[in-house]
Each structure stands twice: as C-alpha cells, then as structure tokens.
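Okay, so here's the structure we're looking at.
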Amino acid sequence: MENASILIIVVSAILVNNFVLSRFLGICPFLGVSKQVETAFGMGMAVTFVMTLAGIITYFVWHALLVPLGLEFLKTIAFILVIASLVQFVEIVLQKISPTLYSALGVFLPLITTNCAVLGLALLNIQYDFNLIQTIVHSISAAIGFSLAIVLFAGIREKLVLSDVPTPFEGFPIALVTASLMAIAFLGFSGLV
Amino acid sequence: MDFNSILWSGASLGGLGLLFGAGLAFASQKFAVEVDPRAVQILDALPGANCGGCGYPGCGGFANAVLAGEAPINGCPVGGPECVQSIAEIMGMEASDSVKMIARVLCNGTSDVCQDKYEYSGVKDCLAATQLAGGPKSCAFGCMGLGTCERVCPFDAIHVNDKGVAVVDEDKCTACNKCIEACPKDVIGLVPHSQLVVVDCNNQERGGHVKKNCGVACIACGICERSCPFDAVHVENLVAKIDYDKCTECMICAEKCPTKAIWADFEARKTAVVIDDKCIGCTLCKRVCPVDAIEGEVKSVHKVDPEKCIGCSACEAKCPKDAIEMR
C-alpha cells in the first residue's frame, strides 16, 4: 500500500475495505441512526466532514510531533484527544457560522466523538504510511464508503418496517441479519484491488 | 524506558491537551451563540420524556417550536395543565382552556355479563379474531380483550383485566390515539378526563337483540334522553351519546338507565350549598333547578335539600350573587 495510486485507494476504501461492512468499524451509528434514509445521510455527511479533518490533523500530529519525539506508542491516546476536541470545535463553530447545517446534523455531531471509525481511519493512515495527499483521499473515500453503507442499509430498513417479519426477528435481529447479508455482498468486491 | 521519554510523553500530551483546551475555550468565547433564555425555561417546564408525542424531535425541538410560534403552548400531550400554565407564563400568554382528554374503553361487557359465541383459540390479536365471524364475543361491538391495544400503547396505560375487557389507566393515558387507531371494534373513545358520566356501550343494534347477548348494554330505550334536564344525551345509531359540552354531570341518566349502561362516579357527585350571607332571595335558582331541590321565599335565604340535589350546578351558574357553591 505504500505507493498505492489514488484510484486504488479510492476503490479500496469505498468498496473492497468498506469501513462498516468489511472492517466492522463504526457499527454503533450504523445500527443506531439507520432507521431513515434522511438521517442516515445526515450522519454520513457529518462523518465525512469529521473524518477528513481528523485525517489531516492526525497526519500532522503524527509526523510533526510524535515521530520526531519518538513517542509512537502514544498514538492512540493522542488521536482520541485530537478527534474529541475536533468534534467539539466543529460543533461550536458550526453553531455560529451555519445554524442550518448545525441543526441538520443535530445530534449526530457529538455522536461522532466516540465513533471508532474515525479513530480507525487515523490509525490506518499511519499504518499504511500514506503521504498527505493519500491521507486526504483515503479519509474522504473511507467516509464515502461509510455513508454508502449506512444509506443503503437505511433504505433496506425502511422497507423492512413494512414487511412481514416473524415476531422473534422484529427490530434489531432482522437488522443484524440484513447487515451481515450486506457484508457478504460486499465481500464480492474483494478481488478488485 | 528512560526518564526522558516519560517526560516527553507527559509534555507532548499535556501540551496537546492544553493547546486544544485553549482552542476550545477561545472558540466558545469567539463563536458564542446567544440562546434565548426562554428556550431553557420551557425545556425545564416540559416533562423531558422526549416521547415525540407533540410531533417534534424531543422536548428541545418542541421548546424551540413554541418560541418560534410554530407550536401551540398546549402542544405537549403529556405535560397536562400545569405544564401548559408554566409555558404560558414564560411566553407571557394566556393559557387557553385545554381539556385533558383520555382514552376510554366504551364497553362494560365483562365475561360474566356477555358470553362468547364460540371458543376462540387462534392468534391472540383482536384484528385476527375479527376476521373469524366478527370475533368470539356474542356482542359484535364489544371489547374482545385480546390485548391489541395493550401492545400498541407506548405508555403502558391500557390493560385487559381478568374479566376480558380492556381498561385505561387514567393517570398514565396521554390521549395519543394509538389504541383508538388499533382497535378493530372502534370501542375506544376519547372522553374528557374530568367527565364523571360516560355511556360505557358501543352496541348499535336493536334492544331485544342486544339484551340477549349482554346484560349491561345500551338498548336505546331513550329513557336517558327523556330524563336529561339539559338536552345532553341523545340516542344516535341506537346507542346513547352524551354531549360532553352540555353535560352537567347531574347523573340522572345514569340513575334512570335500566341496564346501567351509563357509568357515573356517584362518589364524586356534588351538592349545591347556599352561602347565607350572599343570598338575596331572588328565587332565580329555585326556578332553574330541574329537581325542585331548592326551597325559599322571595327575599329570604334559600335552602338546598341535599337529598334531592343532583349536583348539576345549574343554580350555581344562574346565581347573580355567587351565593351558591358546589361541594
């Protein structure tokens, strides 16, 4: 992956190594806010926003602070710190600058603070030793992959509500079955890259 | 691990934390958004259950909608009159009279007075049972007690009792209409919470036929209609209906009803009492009393016979000197 081309990174992050369906990161919002396509889309956009910024900032924290000081082992806690403050900061700024976007994202913004997909992305970026451009592309693609999965899933769940599901499977059980079937479907992309 | 790396770890993490903390503090100052203090007050006044019964996303959404003038101040179905009152104070508005409604199962046909016409052993669901010759109950309009309403109620406010009829818990009911929509027999209705007289029957068949099936059903005899002094009860579609606006809760209809299909809370029945100091002996109350319970001559203090008084409060409304109190 060291010298992977941009295109390969994009395809890999969106389809082959989809964050939700293949890496199993960010399962909580995937199940929690996927009852309606609209809110799922809002969550996807919020994650895209935070992931991109987090990817860039953690890149600098890693290359400008942790590596020169020989403190690589601190990456997890340092990245959590970055993500948590970043989400808070984005929330404060958004509330002032764009109340419309703020109310559209609503409760999803603070939810991302504890989203493992964001932390996973930051850790993967340094694991693959990406440069800045690759980091940005990978962050955006991973977030698009997340949005794609959650919006598709929400679409299916909207149909599920109306369908005749056996009583023991109603609600979360059938959602989990659906999610696993989607994961198997995405497995079909595995030969692409 | 040498001492230096510990030092550097602490310094870098502490530095990062300090940097971000300072950044956030600065941002919260710089980008501070002025929030209407009334929004916080309204939020405090609301029940805080975030049930969404008002149609807005949570209590916060409703508070903002009230501020924006989109939602009525009595839009919260759970809060009750105190909640409306406090929101009205915050918004500087008059609290309009919102009558708290509750759902009520309009059927008294428990298993001992209304027999089943066949033994039903299918799915425990009213809708399913209705498909089979209109359900097991011999009365085609009554509550079958299979608990479909119980399952849709989000507030745990309706339960089928041991005699096979659903009963609403008045304290828990928020009049959300879910059970009313779910009931295939349409036997659940909304009545004012304070209403003390209710026709507990939904049967729209002819008297003789009804009586064969159920001992406590309305047989549409019309006695209530004729005995009501206030024109508040009418037999429509062969079942008595009370106009809750006109009803003064005198409970005459409930007393006269031959099958006791009309329920009344006789315990809560009030009696008119004349306050002697205020009465000027105008005889207005005496003339308006439907049961001749008030005695007294012109220009002398009147008296209410508590034995005869039915607590309709007609005299209280008529008295020009506020000399009559309902107790």
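Values quoted throughout were computed directly from the atomic coordinates according to the rules given, and no laboratory measurement underlies them. All figures in this text were calculated on a predicted structure; none of them were measured in a lab. Glycine gets a Cβ as well: all are built from the backbone with ideal geometry, and neighbour counts include every protein chain shown.
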(request) Calculate one ³J(HN,Hα) per residue across region A:146-155 by plugging θ = phi - 60° into the Karplus curve 6.51 cos²θ - 1.76 cosθ + 1.60, and present them in order as whole Hz with x for glycine and proline. (result) 4, 4, 4, 4, 6, 6, 4, 4, 5, x
(message) Per-residue counts of other Cβ atoms within 10 Å, averaged by peptide: what ranking do you get for B:165-173, B:71-79, A:170-178, highest first?
(response) B:71-79, B:165-173, A:170-178
(message) With 10 angstrom as the radius, rank B:302, B:209, B:193 by how many other C-beta atoms surround their C-beta, starting from the fewest.
(response) B:209, B:193, B:302
(message) Here is the link list: B:256/B:321; B:100/B:246; B:100/B:286; B:211/B:241; B:137/B:260. Which ones come out longer than 22 Å on Cα distance?
(response) B:256/B:321; B:100/B:286
(request) Show me B:179-186, B:144-151 ranked by packing, highest mean number of other Cβ atoms within 10 Å first. (result) B:144-151, B:179-186
(request) Hey, can you grab everything whose amide H is under 5 Å from the amide H of residue B:50? Only 5+ residues off in sequence or another chain; H modelled, so Pro and N-termini drop out. (result) B:59
(message) Suppose each label sits 7 Å from its Cα in the direction of the beta carbon; what would the residue B:43-residue B:193 distance come out to in nanometres?
(response) 2.5
(request) Taking every pair of alpha-carbon atoms in region B:1-99, give the share separated by more than 21 Å as a whole percent. (result) 52
(message) Give me, ordered by chain and number, the residues 5 or more places off residue B:240 or on other chains with an amide H under 5 Å from its own placed amide H.
(response) B:220
(message) If you take each beta carbon of peptide A:83-96 and count the beta carbons of other chains within 10 angstrom, what is the mean?
(response) 4
(request) Tell me the label-point distance for the pair residue B:131, residue B:303, using the 7 Å Cα-to-Cβ offset, in nm and rounded to one decimal. (result) 6.9
(message) Relative contact order for region B:188-327: what percent, with Cα pairs under 8 Å and sequence separation of 6 or more?
(response) 21
(request) Averaging sequence separations of C-alpha pairs under 8 Å and six or more residues apart, then dividing by the length of chain A, give the relative contact order as a whole percent. (result) 45
(message) Would region B:183-259 count as rounded, prolate or oblate if I go by the C-alpha gyration tensor, calling it rounded below 1.5 in a/c and otherwise prolate when a/b exceeds b/c, oblate otherwise?
(response) oblate
(message) Given R₀ = 45 Å, what would the calculated FRET efficiency be for residue A:80 paired with residue B:170, taking r from the Cβ atoms and rounding to 0.05?
(response) 0.35
(request) Collect residues whose amide H, placed 1.01 Å from N in the peptide plane, falls under 5 Å from the amide H of residue B:324; neighbours closer than 5 in sequence don't count. (result) B:275
(message) Per-residue Cβ counts within 10 Å, from other chains only, averaged over A:72-81: what number is that?
(response) 2
(request) Please report how far the C-alpha centroid of region A:1-69 lies from that of region B:5-56, rounded to the nearest whole angstrom. (result) 24
(request) Could you order peptides A:32-41, A:11-20 by the average number of other Cβ atoms within 10 Å of their residues, highest first? (result) A:11-20, A:32-41
(request) Taking the Cα atoms of region A:1-89, report the difference between the largest and smallest coordinate on each principal axis, in whole Å and largest first. (result) 46, 33, 19
(message) Spelling out what I want: for every residue of region B:116-124, take phi, set θ = phi - 60°, compute 6.51 cos²θ - 1.76 cosθ + 1.60 (Karplus), and round to whole Hz; glycine and proline get x.
(response) 8, 8, 8, 8, 9, 10, x, 4, 6
(request) Can you work out the PRE-style zone for residue A:190? Point 7 Å along Cα to Cβ, and I want the residues of region A:1-41 with backbone N under 14 Å. (result) A:16-18, A:21-24
(message) Multiplying the sequence separation of residue B:238 and residue B:325 by 0.36 nm and subtracting their Cα-Cα distance, what value in nm do you get?
(response) 27.6 nm
(request) Just name one of B:259, B:50, B:72: the one whose Cα is farthest towards the positive end of the charge dipole of chain B (beta-carbon charges, Lys/Arg +1, Asp/Glu -1). (result) B:259
(request) Just need the Rg to Rh number for chain A, please, alpha carbons only, Kirkwood Rh. (result) 1.00
(message) Given R₀ = 25 Å, what would the calculated FRET efficiency be for residue B:317 paired with residue B:295, taking r from the Cβ atoms and rounding to 0.05?
(response) 0.80
(request) Output the relative contact order of region B:68-168, whole-number percent, from Cα pairs under 8 angstrom with separation of 6+ residues. (result) 22
(request) Quote the Stokes-Einstein diffusion coefficient, in whole µm² s⁻¹, for region B:86-219, based on the Kirkwood radius over alpha carbon pairs, a temperature of 25 °C and a viscosity of 0.890 mPa s. (result) 154
(request) May I ask for the Rg/Rh ratio of chain B, computed from Cα atoms with Rh as the Kirkwood radius, given to two decimals? (result) 1.20
(request) Could you let me know the centre-to-centre spacing of region B:226-298 and region A:130-152, using Cα atoms, in angstrom? (result) 74
(request) Using the Cα centre as the reference, give the magnitude of the dipole from point charges on the C-beta atoms of region B:66-149 (Lys, Arg: +1; Asp, Glu: -1; all else neutral), rounded to the nearest 20 debye. (result) 400
(request) For region B:92-145, divide the Cα radius of gyration by the Kirkwood radius and give the resulting Rg/Rh value with two decimals. (result) 1.31
(request) State the extension gain, in nm to one decimal, for the chain segment bounded by residue B:271 and residue B:22, taking 0.36 nm per residue of separation less the distance between their alpha-carbons. (result) 82.6 nm
(request) Measure off 7 Å from each Cα along the Cα-to-Cβ vector at residue A:35 and residue A:131, then give the distance between these two points in nanometres to one decimal. (result) 4.8
(message) Please compute the alpha carbon radius of gyration of the protein assembly as shown, then divide it by the globular-protein estimate 2.2 N^0.38 Å. Two decimals is fine.
(response) 1.44
(request) Sort B:239, A:165 so the one with the fewest other Cβ atoms within 10 Å of its own Cβ comes first. (result) A:165, B:239
(request) Could you work out which residue, out of B:19, B:190, B:46, moves most in a Gaussian network model of chain B, that is, has the largest mean-square fluctuation with Cα springs under 10 Å? (result) B:19
